[in-house]
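The values are calculated or read from the model by the stated rules, or taken from the named source; none is laboratory data. Note that the coordinates shown come from a computational prediction; the quantities given were computed from them, not determined experimentally. Don't worry about glycine lacking a Cβ; one is built from the backbone with ideal geometry, like all the others, and counts go over all protein chains shown. Heads up: the accessible areas ignore ligands, DNA and RNA and are worked out on the full protein's heavy atoms, side chains in. Shrake-Rupley method; radii C 1.70, N 1.55, O 1.52, S 1.80 Å.
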Amino acid sequence: MPEHFHLNTPLLESVSMSKLLGSTVYLKMENSQPSGSFKIRGIGHLCQQLARRSKGIVCSSGGNAGLAAAYVARKMGVPATIVVPSSSPQLVVQRLQDQGATVRISGKVWDNANAEALRLAETEGLTFVPPFDHPLLWEGHATLISEISASLGSGVKPGAVLLSVGGGGLLCGVIQGLKDVGWIDVPVIAMETVGADCFNAAVKAGKVVTLEDITSEAKCLGAKTVCQRAFDYSQGGEVTIISELVTDQQALHAVQTFLDEERVLVEMACGASLAAVYSRLIPRLQDEGRLPALQGPLLVIVCGGSSVNVEQLSVLKQKLQC
Ligand code: PLV
């Protein structure tokens, strides 16, 4: 069995984003992971620790965690059941089946699918693989930052890290990685879309809250409740986290611009981060005094995502009238 399932992904300088921002932008290309997103880092690590002798795993997912789990399970020779909500597009279901997974569709949003996955784990004795709320996932995701540190070389430190938040697993992993390499003073810009904004809602309320519904099309950001650890980081003062929202239209526009500029197709969940650059949120944060002048390159975690193809893109364009 390999030591890990994820790849060391490219760290690319984006000339067009750097031009727009007026300072250097690096892209960590997690879209090029075998399962199409960063999720394989944490899920690969967790499965290696917990599922070696499992009779099967079950994972609840908006899509990408499931794809990572299905890929890892196939490599480990363990059966995988992935529970997705009805909001996951058919193309994701097909991709999961192509990885050899059994797919169950349960409920309207991820939270419903998660309840069903927990039930299956209990009744069928399967190993439960959570998509974002587990220390082993964060440990796996943290490898992102140690890789970036190695790619940048000694003496270069990012000015800020830009990432998307769904349930908060990526955020927790990145913060752990920042701690590991001694970059805890680097601010993190945490992006969500309006309508999939459980982290922003928690930060505003001063406590973890549960959204009534997920109304954003960025379904892979669509957890109704952020994980406690992500919220705790926002309150702790150890790290600066700037929580910001973009509209679905801005996220979709960013997906299209990224496709044109970088020739890479990512999903809306990732578009939320890219929109912070393309919609000029970063200079606005600086003007408002919320983000200091960047002391190093802006690091964008291109989280990727497989819930998209050209047809799905045009469905979204019509729906959002972009
Ligand atoms: N997606 C999870 C949770 O969905 C999933 O099941 O796939 N970017 C992409 C492409 C993602 O797929 C996700 C999470 C995120 C960002 C956010 O990561 P998180 O959940 O760790 O904050 C409901």
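Could you tell me the convex hull volume per residue, in Å³, taken over the Cα atoms of the chain?
On the way: hull volume 38.5 nm³, N = 322.
That works out to 119 Å³ per residue.
Accessible area per residue of segment 218-322 at 1.4 Å probe, in Å²? Don't skip to the end; give the middle numbers.
Working: 4490 Å² over 105 residues.
Computed with neighbouring chains in place, this is 43 Å² per residue.
Roughly speaking, to the nearest percent, how much of segment 1-107's 1.4 Å accessible area is carbon and sulfur? Spell out each step's value before the answer.
Numbers: 2060 of 4370 Å².
Here carbon and sulfur together make up 47 percent of the probe-accessible area.
Compute the accessible area per residue over segment 36-161, keeping the other protein chains in place, probe 1.4 Å, unit Å². Can you show the working numbers first?
Working: 4750 Å² over 126 residues.
About 38 Å² of surface per residue is accessible.
Taking the highest mean first, how do the peptides 219-232, 119-132 order by number of other beta carbon atoms within 10 angstrom per residue? Kindly include the intermediate steps, with their values, before the conclusion.
On the way: 219-232: 23.9, 119-132: 18.7.
Sorting 219-232, 119-132 by mean packing, highest first, produces 219-232, 119-132.
Specify which residue in the list 72, 220, 16 is farthest towards the positive end of the charge dipole of the chain, using unit charges on the beta carbon of Lys, Arg (+1) and Asp, Glu (-1), about the Cα centre.
Projecting each Cα onto the dipole axis, the largest value belongs to 72.
Roughly to the nearest percent, how much of the accessible area of segment 133-190 is carbon and sulfur, given a 1.4 Å probe? Could you put the intermediate results ahead of the total?
On the way: 790 of 1630 Å².
Roughly 49 percent, rounded to a whole number.
Using a Gaussian network for the chain with springs between C-alpha atoms less than 10 Å apart, which of these wobbles most: 251, 293, 275?
Answer for the Gaussian network model of the chain: 293.
Is it possible to state the helix-based mean residue ellipticity at 222 nm for the chain, with each DSSP H run of 4+ residues giving -39500 (n - 2.57), the sum divided by total residues, to the nearest 500 deg cm²/dmol? What is it? Can you show the working numbers first?
Numbers: 14 runs with 146 residues, N = 322.
The helix-only estimate for the chain comes to -13500 deg cm²/dmol at 222 nm.
When the dipole is taken about the Cα centre of the chain, and only Lys, Arg (+1) and Asp, Glu (-1) are charged at their Cβ, what size is it in debye, to the nearest 20?
Numbers: 26 positive and 29 negative charges, 99 e Å.
Here the size comes out at about 480 debye.
Could you go through segment 178-187 in sequence order and give the Karplus-derived ³J(HN,Hα) for each residue, using 6.51 cos²θ - 1.76 cosθ + 1.60 with θ = phi - 60°, rounded to whole Hz, and x for Gly and Pro?
Each residue of segment 178-187 in turn: 4, 5, 4, 9, x, 10, 5, 7, 7, x Hz.
Using Cα centres only, tell me the gap between segment 188-220 and segment 9-84 in whole Å.
Cα centroid to Cα centroid, the span is 22 Å.
Please report, in debye to the nearest 20, how large the charge dipole of segment 35-101 is about its Cα centre when each Lys and Arg carries +1 at its beta carbon and each Asp and Glu carries -1 there.
Details: 8 positive and 1 negative charges, 55 e Å.
Rounded to the nearest 20 debye, it is 260 debye.
Go through 62-74, 79-91, 18-30 and give me the packing order, highest mean Cβ count within 10 Å leading.
Details: 62-74: 28.8, 79-91: 21.5, 18-30: 19.2.
Order by mean packing, descending: 62-74, 79-91, 18-30.
Can you list the HN-Hα couplings for segment 309-322, worked out from phi with the Karplus curve (6.51, -1.76, 1.60; θ = phi - 60°), rounded to whole Hz and with x for Gly and Pro?
8, 4, 5, 4, 4, 6, 4, 5, 4, 5, 4, 8, 6, 9
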